[in-house]
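I have placed the structure first, in the form of structure tokens, so that the comments after it can refer back to it.
The values are calculated or read from the model by the stated rules, or taken from the named source; none is laboratory data. Model, not experiment: these values are computed from the prediction. Glycine gets a Cβ as well: all are built from the backbone with ideal geometry, and neighbour counts include every protein chain shown. Each accessible area value is taken on the protein alone, full model and side chains, heavy atoms only, with ligands, DNA and RNA left out. Shrake-Rupley method; radii C 1.70, N 1.55, O 1.52, S 1.80 Å.
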Amino acid sequence: MALDLEHLQKWIGNTEKAEEELELWPVTAMMAALDVPAEDLPKRGDTLPPTAHWNYFVPRVPQSKIDTDGHPQRGDFLPPIPLPRRMWAGSRIKYYKPLIIGEKVTKTSTVYDIKVKEGKSGSLAFVTVKHAYSNANGVALEEEQDLVYRDNPPAATGVPERKPAPEGAVWSREIHPDTPLLFRYSAVTFNAHKIHYDYPYATEVEGYPALIVHGQLIATFLLDNWQRNNPNDTVTQFSFKAMSPLFCGETFKAEGKPAESGNEGELWACTIKGGLTMQADVAWK
């Protein structure tokens, strides 16, 4: 499908702003899905855990404005890219100051860049969105998100061939993503994307072999596992990139190791057979 890049680039610079209170229930619900014991759940006034900012400022468009894939219709804040498959391919996050559960936060989002490429599977569109989360003390967190749009495959595809994951993990946790976990994470992030819960849609329309585990959920497990093994450190930067889809029912490991020097580390998610599904980097103080 040929894409009109000149028309789509008119959305560059598009900005939206919203204010929201960081209520307690979304973060405690998310952490319950991560299997955190009830006695260890955060309380109002505590620092918001890393990646829990994704539980807030979720799109609340009317049901009549939901597209066939479950996402909000395009053409408002995001450009109207006419490619059916879309995914959150990665993020780069900088943490400056703590966000506190219960405080009011302002989120400012801007469409930063739009690119189009032709690949072996057809047209690809890449959209970069910048988000800034501010509280009474100024900007607390900045994130760049990479969104990818592509055509559906002509027929159902099997499990993709995956690159081998790094070796020498110092931190490792085994995760078993099942349908209740995918449902709970979709619910707490108000994510209606059908690839996470509608098996006929995921397999017959978008051509996947099974339901897809959320990229944000995998990234959350990676950073959560790092934090469990480094409880006295505070994250300052976190970036991740999806390498291959992970499917519901596929056991995977959230792993990582520190760099040879400095307060930095390498994180990754891989199947039990060692296939890489996500790579990430973390820095702390």
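Within the set 136, 165, 132, 140, the sole residue that is within 23 Å of residue 79 (Cα to Cα) and in contact (Cβ under 8 Å) with a residue 12 or more places away in the chain turns out to be 132. Across the stretch 99-109, the qualifying residues are those that are under 30 Å from residue 81 (Cβ atoms) and of a type in the set (Val, Ile, Thr), and the one among them that is least open to solvent (accessible area, probe 1.4 Å) is 105. Residues in the stretch 225-254 that are under 25 Å from residue 144 (Cβ atoms) and open to solvent by 20 Å² or more (accessible area, probe 1.4 Å): 227, 230, 233, 234, 236, 237, 239, 241, 242, 243, 245. Can you pull out the residues in the stretch 61-74 that are hydrophobic (A, V, I, L, M, F, W, C) and open to solvent by 50 Å² or more (accessible area, probe 1.4 Å)? 61, the sole residue that qualifies. Please tell me if residue 152 is open to solvent by less than 50 Å² (accessible area, probe 1.4 Å) and under 24 Å from residue 277 (Cβ atoms). So residue 152 fits the description; yes. All of 112, 96, 133 fail the test of being surrounded by 17 or more Cβ atoms within 10 Å (Cβ to Cβ), aromatic (Phe, Trp, Tyr) and within 21 Å of the chain's Cα centre (by Cα), apart from 133.
Of all residues in the stretch 75-86, those that are within 14 Å of residue 129 (Cβ to Cβ) and either surrounded by fewer than 17 Cβ atoms within 10 Å (Cβ to Cβ) or among the polar types (S, T, N, Q) (or both) total 2.
Residues that are under 30 Å from residue 117 (Cα atoms), among the acidic types (Asp, Glu) and in a helix (DSSP H, G or I) do not occur anywhere in the stretch 7-25.
Among residues that are in a loop (DSSP other than H, G, I, E, B), more than 22 Å from residue 61 (Cβ to Cβ), modelled with pLDDT under 95 and in contact with an Asp or Glu (Cβ under 8 Å, 6 or more places away or on another chain), residue 169 is not included.
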